[in-house]
Structure formats: C-alpha cells, structure tokens
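> Here it is: the structure, laid out below.
Each reported figure results from applying straightforward, stated rules to the coordinates on display, with no laboratory input. Note that the coordinates shown come from a computational prediction; the quantities given were computed from them, not determined experimentally. In this analysis, Cβ positions are derived from the backbone assuming ideal geometry, glycine residues included, and neighbour counts consider all displayed protein chains.
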Amino acid sequence: MFRLIKPSDIPCAIKTSHKNTLNNIISQHAHFTGSHALRVKKCLNKTSSSETTTLNISQSLFSKKPSDHLKESQTLLQETKEFEISVRMREIVTNALSKLFPGGAGWQLFSQLTNYAPDTFGFALKTGIGDALGVAGGCYFFSSVKYGVVVFANQYFDTKWVVPGRKEGISTSILLGTASLGSGTVWQPTVNALNALLPNLYTTSLGTGLVCGGTFFIGLQASRLFYPAALGIEKPNKDNRFSDFLLAMTGISGAAAAFVFTDTSEENPLKNIIGTDKSFLENVFRAGVSTATGFFLLQTLVAMITTKKCPPLKRIASPGNKNPFLLFSRSKKHIVHDVQQTHAHFSQRKTP
C-alpha cells in the first residue's frame, strides 16, 4: 500500500539537511492529513548534509497528473505559511498582553511610587523590581487561568487539550521575572547615558533596545545556570541559548526601544499617544501599551520574514489535535518525540 520513494521524486517533497530539523516536515505536512497518509520514515540523527529524508507517501498520490501534484504542492505550501503565521501571531499577542504589558506597567508604577531621582541607582533598582514583578505576575496569572480553562474543558466538554502544569508556569515566571529584573534595571541608566552622549530620541531608543535585549539574554542564561534543578528550569544548552537570544533581541529589545517613546519632551512624535505626562493610572496604562506594542511590532516583522526558514519559539498543533496551547520545543529530544507521535498517528490510519 505504501511505496518507498525519495523526496526528489515528487514536486512536493522536502530536502532536509543535518542542520535542518524535522520541524519543517511536521509543520508543513503533519497538520494536513486529509489528502495524504504521510509518515516520517527516517530521522536525521546520523545523516550527512547531502542526504535526504525518506518519506512514505500514499499510493494514491501517484494516480494524479504531474500538473495536479504541482498545483497541490503550491496550495499546501501556501496553507502551511498561513497556518504558521496565524499560530505565531496568536503567540505574539498572548505574550505581549500577558507579559510585556504588565512589565511596562509595573516599571512605570514603581517609578511613580519611588522617592529616588531618575539618575540614582535606587531609582533604577526599584523600577527594575517593578518590571520583574509585572512580568512574573502576568506570566503566572495567565498560565494559571489557561491551565484552569483547559482542565475545565477537558473534564466537561470531552476535549483533549494539553498545557504545561502549574509547576511549569511557576518556573517560567521565575525565569522571565529574573531576566526582566536585569533589563528593567539597566533601562533608565542606559537612557541617561545615551541622552548625555547623543541627545537624539531615535538613537537613544535604538541603543536602549539593544542594551536591554542583551541584558535580558544574559539574565535568562544566568538564571538557567544558577537556579536549582528542582525548579524545573532547563540548564543552558545550544537550543535554549538560541531561542533565548531570539526572544531577547527580537522581542524584549523592541519593547525597551518603544518604552523610550513615553518621553514627555516635545520632540517625541508619540507624546500624545503614549507619553507619560497624564494622570497616575493613565501613565501606568500608557507605559504598558508602549512595551506591548514594541514587542508586538518587532516580533511580527521577524515572524513574517522567518516563517519559512527558522521560526523562533515555534508552537504548532499536533497531528489530529487542534489544541492551540501545545508546545513543541526546538530541542532535539522533543523533535524525536514529535516524530514518534507523528509516526504513531499515521500508523493507525487505514491506507487505501
């Protein structure tokens, strides 16, 4: 019923090198199971860069004309791109609202409550604590609500959604909160230094974004290194080093850069939109909007560019499961698990 072929034999095949993981295969094919019974036959554990992944494709695939294959391949790739972008956009919006908005609001709240001058270490530390509490609190609140909703739905509506447990929510909150403590603390000193050297709003915004993004990355990796294993935080490795860097430089840097535009000077073109010269609560709200917007815009731009190449922090639905919360890590052990699950799913399907 199945014939062993190489991807080069058909237009819709995918050539995969040793460095290009099976995430491409899973994301481009596993969630479109209606027309093809596709199984991953061989992993890339010990393949060279010139080898290609061998796939088993349903015999019915060869009953169509070449033009039909080409048209179907183009449709499949277009649907895949739209699927990946929609999933990533949902994730970007979720992170912006649950983490970046509370972080910016917390920073502004603590800055208005402190008696320290903006050029003192006390002010920087206190606002950094406010940023960290906002990020950690928002992350834990959202993960707890999501966990409760999924448990309720699985119990009363016979769904099969899967989400990280409460322990994972706490671990993520601690990890992100610690990293935010560093980036939130260095924000004001960086702005002060850049204003003294180059008194230009746009230069200050760019430089602050890069400094805060780099500080956040260092904070993530340091947290992974020093926190005990009992917290469930993964130790530093090649995979999380790459994902942490992408998160810091394509997300947190955008939030920190946008936060500069809460400045109340007349040269700020966004003063009337997010400038923090209003009432106490409105300033807190505007600060949260600025960081969430900066994160959203930069992450969206990166998502549009990298969707077909190497998506950072990729989340996809498992075969046959529409669960929008299920996480697939980019680490090798999780890739192998994804492949095994995909193989088991298609092994249970009846083939023509």
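> Past 24 Å, Cα to Cα, is the threshold; run Lys160/Lys238; Lys126/Lys278; Lys126/Lys238 against it and keep the listed order.
Lys160/Lys238; Lys126/Lys238
> A further question on this structure: Per 0.36 nm of contour for each residue apart, how much would the distance between Ala222 and Val145 grow if the chain were fully extended, relative to their Cα-Cα spacing?
Values: separation 77, 0.36 × 77 = 27.72 nm, distance 2.85 nm.
Fully extending the segment from Ala222 to Val145 adds 24.9 nm.
> Taking a point 7 angstrom from the Cα of Lys278 along the C-beta vector, which residues in the stretch 98-129 have backbone N less than 13 Å away?
From the stretch 98-129, the list is empty.
> Using only alpha carbon positions, build the gyration tensor of the stretch 85-306, then give the equivalent ellipsoid semi-axes as the square roots of 5 times its eigenvalues, largest first, whole angstrom.
30, 19, 18
> What distance in nm lies between label points placed 7 Å from Cα along the C-beta direction at Asn154 and Glu168?
About 1.0 nm, to one decimal.
> How many nm separate the modelled label positions at Asn115 and Ile85, each set 7 Å beyond the Cα in the direction of the Cβ?
It is 5.4 nm.
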